[in-house]
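*Asks:* Have a look at the structure that comes next, please.
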Amino acid sequence: MDPKRFREAYTKLQLLDERLTYKLKPRAMGAARASVEQVEDRVRDLSAFAIELKEILEALFVAIGSKPQTGGETEPGAPAATE
């Protein structure tokens, strides 16, 4: 596993969470129904979230399947990479 790539992907996941998750949580609409514009906005937010999440998951899988980059920083306490 490449810890640097893994950390970068995890950071992107945290930023995505901070930026969009609150927009996707269900809201109590009461007796009122959502307007067409509100529904379109929610669908747009959900689409953006799904696409970015797919890209982050892809980066995580690459990080997990990759060897650590040589010459770079290693995780504290982790043994040095050997070829």
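The values are calculated or read from the model by the stated rules, or taken from the named source; none is laboratory data. Quick caveat, the model's predicted, so the values are computed rather than measured. Cβ placement follows ideal geometry from the backbone for every residue including glycine, while neighbour counts extend to all protein chains displayed. Just the protein is used for accessible areas: all its heavy atoms, side chains included, with ligands, DNA and RNA removed. Shrake-Rupley method; radii C 1.70, N 1.55, O 1.52, S 1.80 Å.
*Asks:* Please verify whether residue 23 is under 26 Å from residue 5 (Cβ atoms) and among the charged types (D, E, K, R), treating the condition exactly as stated. Reasoning before the result, please.
*Replies:* On the way: under 26 Å from residue 5 (Cβ atoms): no; among the charged types (D, E, K, R): yes.
For residue 23, the condition - under 26 Å from residue 5 (Cβ atoms) and among the charged types (D, E, K, R) - is not met.
*Asks:* Does residue 54 fit the bill of being open to solvent by 80 Å² or more (accessible area, probe 1.4 Å) and of a type in the set (D, E, K, R)?
*Replies:* On the way: open to solvent by 80 Å² or more (accessible area, probe 1.4 Å): yes; of a type in the set (D, E, K, R): yes.
It is true that residue 54 is open to solvent by 80 Å² or more (accessible area, probe 1.4 Å) and of a type in the set (D, E, K, R).
*Asks:* Quick one: count up the residues across segment 2-44 that are in a helix (DSSP H, G or I), open to solvent by less than 90 Å² (accessible area, probe 1.4 Å) and of a type in the set (Ser, Thr, Tyr).
*Replies:* 2
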